[in-house]
């Protein structure tokens, strides 16, 4: 259930994120949750050197079972009967916006993450919204990268993946303390399971979804040449409802034409991507086959990825040629309003 205090906090974080000059995290989920990237065992870089981090490769690690919604081919799913109205409410003429890339003004651009092994010590985490957070301890390294950098006033997501236990740990608005960490909310996901959050619960994302599985990663796009999962994107206005696998709404609006959390869109099959650079083509192919899900309130059509200094920003920015009208909403289930 959406609480008034939660909404007030959401607005506060939105304003703080908006003050994070230049970084794309301003629109990548400025109202409630995202993440960060880095390599295991790396020391926290001093200010101005965060851009030296590379996106760590997951290797053969399977992120959720093959039949998980994130990994489901939705290219043949029926078009939602309200597709046109949903697309119009988000913005037919607004461009797809890659909310990640190479360094911007000396800072990493996107939502990073860190990989750890099973022996990583677990530390206590205190939560402002403990009633909808998975209690600690969490295996967070002291030098875990924080979204926007250690001095950020924005979403400050921290994402940790234990590659041995195949568990994902995510924090929203996280700060290191003498005892461990403090955070607004946190969630733990078993990457071997399809289990969802309890209905009505948030996560480190407004929709109650995990953040990490929806990120565009350099190792997939450039090194593997293929993305095999849905992506995560944000919208400026959403409705008071959610579609599974989302479990939480983040709005008081009852307009049925606004997108609910978990709404899934795909790039239309006949959209010609042959003229785009290779990196962009990989992402656009994934948007045709797996689509992307509404995960948070933020910038319209902002698709999220992990930062990496090797990204070719010119190639990524060609995706801004894609407009909202080039997408369609697919029917993946009913809208939950409680």
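Each value in this text was obtained by applying a stated rule to the coordinates, not by laboratory testing. Note that this is a predicted model, so its numbers are computed, not measured. Cβ: placed from backbone, ideal geometry, glycine included. Neighbour counts: every protein chain shown.
Put in line by how crowded their Cβ is, counting other Cβ atoms within 10 Å and starting with the fewest, 167, 292, 261, 319 read 167, 319, 292, 261.
By the beta-carbon count within 10 Å of each Cβ, the least crowded to most crowded order of 151, 328, fewest first, is 151, 328.
Spatial offset of the stretch 220-292 relative to the stretch 166-181 amounts to 27 Å, using the alpha carbon center of each.
How high is the FRET efficiency between residue 278 and residue 325 when r is their beta carbon distance and R₀ equals 22 Å, given to the nearest 0.05? Let's see the in-between values first.
Details: r = 25 Å, r/R0 = 1.13.
After rounding, the FRET efficiency stands at 0.35.
Rounded, prolate or oblate for the stretch 62-105? Axes are the square roots of the Cα gyration tensor eigenvalues, ordered a ≥ b ≥ c, and the cut-off for rounded is a/c under 1.5. Don't skip to the answer; put the middle values down first.
On the way: a/c = 3.63, a/b = 1.04, b/c = 3.48.
The shape class here is oblate.
List 156, 107, 310 from most exposed to least, where exposure is judged by having the fewest other Cβ atoms within 10 Å.
Details: 156 28, 107 20, 310 10.
Ranking 156, 107, 310 by Cβ neighbours within 10 Å, fewest first, gives 310, 107, 156.
Mind running the shape call on the stretch 188-338? Use the C-alpha gyration tensor, a ≥ b ≥ c as the square roots of the eigenvalues: rounded below 1.5 for a/c, prolate if a/b tops b/c, oblate otherwise. It would help to have the intermediate numbers written out before the result.
On the way: a/c = 2.02, a/b = 1.49, b/c = 1.36.
Verdict is prolate for the stretch 188-338.
Label separation (residue 228 vs residue 244): 2.5 nm, computed from points 7 Å beyond Cα along the C-beta direction. The slack between residue 194 and residue 92, meaning 0.36 nm per residue of separation minus the straight C-alpha distance, is 33.4 nm.
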